[in-house]
Amino acid sequence: MAEEKTRVDFNAPKSIVERADNVAELLDISRTRLLIDALQDELDELVNEEGFRNRLRDAYYDERIDFQTVKSVLGQEEAMRMKLLRASIDREPPEPQLKAELPSDEEFYDGEVPVWRSDSEEPADNEDAESTA
Amino acid sequence: MDDRPISVVDTNVLLNLATPVVDGRPAAPTGADPLKALLSSYDVHVPASVVGELSTATGSGDLLSAAADLVLNASHHLTTHDVDAKIDDPLDYGLDQGESDGIWLANDLDAPLFITDEFNSTNYLFVSLALDDRNTLFTTPHVLCKLASQAILPIEYVDAAFSYYADSKQWDEQYLNQLRHKYLRD
């Protein structure tokens, strides 16, 4: 089904229009086709860019843009996800109930609390050095 | 009588809460224990598949494995349910076993709180759809904020934990900032 079209007029630097016309002629497509394709590519690229998505989320959570705008740019599913998530912020989780202080590790855990350290952040481990020497 | 609200959680929630506790690197927040805070102030229920998934995660010597060890050390604070025997058909929303079982359990228990960390992806939509009452759906960071607002966790700790999760889990930072403003800054 052909989508409804809307007319757009705009001024652009002469040189870029000339370049576009040359390319369109080479590709044997209309200038309009070339512009639409270029615009489509640019939008697809932006939508997948994390920085752009972050700005869009910020704007939506801050209520600077509406659901329809998010939907038109990011698609139905992502827009619905953000809508539900935004609505959830105003809800309160059930009240946690804690009678006294939190228990100590010894009381609470059955065994030691493990501590994990990245090997790469430890001071130079000389075992490796010895084995390669 | 236990008057703590019933909460159903999936494997990732428990692992994510345990991760900053066992992470000995300087970037990890220190001075509090979000896993202990949750398990002490809510009556936490899980499907048996969650314990299975935790056991599978142990033994590899990495951060995830240490987090799984910690959760297993606290597993006597969890109430587990064998839901496999009761489910006729698995929930067909493309969710994994632990999540599907957890949602089923939350519906069965009429739990006022189901916690998920699946809020970065469209899985969040599926979890919302699958829960009988989607108003019971909350995320780990939202519950951490609640624990901070009740002085069960220090506000500074939760704030630092958000930065830690945003870096290590790529959680939706804009969403975290909204929660920060509502619970941690006002």
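The values are calculated or read from the model by the stated rules, or taken from the named source; none is laboratory data. Here the structure is a predicted model, which means the values were calculated and not measured. All Cβ positions, even for glycine, are placed from backbone atoms using ideal geometry, and neighbour counts span all protein chains on display. With ligands, DNA and RNA removed, areas are computed over all heavy atoms of the protein, side chains included. Shrake-Rupley method; radii C 1.70, N 1.55, O 1.52, S 1.80 Å.
Hey, what's chain A come to in accessible area per residue, 1.4 Å probe, Å²?
Accessible area per residue: 80 Å².
Quick check: the distance between the Cα centres of the stretch B:88-166 and the stretch A:21-77, to the nearest angstrom?
That distance is 32 Å.
With respect to the cross-link table entries A:Lys83/B:Lys169; A:Lys71/B:Lys146; A:Lys83/B:Lys182; A:Lys71/B:Lys182, which display a Cα-Cα separation exceeding 27 Å?
Long pairs (Cα-Cα over 27 Å): A:Lys71/B:Lys146.
Grab the Cα-Cα distance for A:Asp58 and A:Arg7, subtract it from 0.36 nm times how many residues apart they are, and report the gain in nm with one decimal.
Answer, rounded to one decimal: 15.3 nm.
What percentages make up the Cα-Cα pair-distance distribution of the protein assembly as shown when the bins are 10 Å wide from 0?
Histogramming the protein assembly as shown at 10 Å steps yields 5, 22, 28, 20, 11, 9, 5, 1, 0 percent.
Enumerate by residue number the trypsin sites (Lys or Arg not before Pro) in the stretch A:19-120 meeting two conditions: DSSP loop (anything except H, G, I, E, B), and at most 12 other Cβ atoms within 10 Å of the site's Cβ.
Taking the stretch A:19-120 and a limit of 12 other Cβ atoms within 10 Å, the loop trypsin sites (Lys or Arg not before Pro) found are A:Arg64, A:Arg91, A:Lys99.
Taking the Cα centre of the stretch B:31-177 as origin, work out the dipole magnitude from +1 charges on Lys and Arg Cβ and -1 charges on Asp and Glu Cβ, in debye rounded to 20.
That gives a dipole near 460 debye.
What accessible area per residue, rounded to a whole number of Å², is obtained for the stretch B:1-144 using a probe radius of 1.4 Å?
Accessible area per residue, the stretch B:1-144: 38 Å².
Where does the charge balance sit around B:Asn73 when Lys and Arg score +1, Asp and Glu -1, over other residues with C-beta under 11 Å from its C-beta?
-3
Give the long-range amide H neighbours of B:Ser7: residues separated by 5 or more places, or on another chain, with amide H under 5 Å away, using H modelled in the peptide plane at 1.01 Å from N.
Those qualifying (amide H under 5 Å, at least 5 residues apart or on another chain) are B:Asp43, B:Val44, B:His45.
At a 1.4 Å probe radius, carbon and sulfur cover how many percent of the accessible area of chain B?
46 percent
Considering the options A:Val115, B:Leu153, B:His181, tell which one lies farthest towards the positive end of the dipole of the protein assembly as shown, charges being +1 on Lys and Arg and -1 on Asp and Glu at the Cβ, about the Cα centre.
B:His181
Would you please name the GluC sites (Glu not before Pro) within the stretch A:4-104 that are DSSP coil residues with at most 12 other C-beta atoms within 10 Å of their C-beta?
A:Glu4, A:Glu49, A:Glu63, A:Glu101
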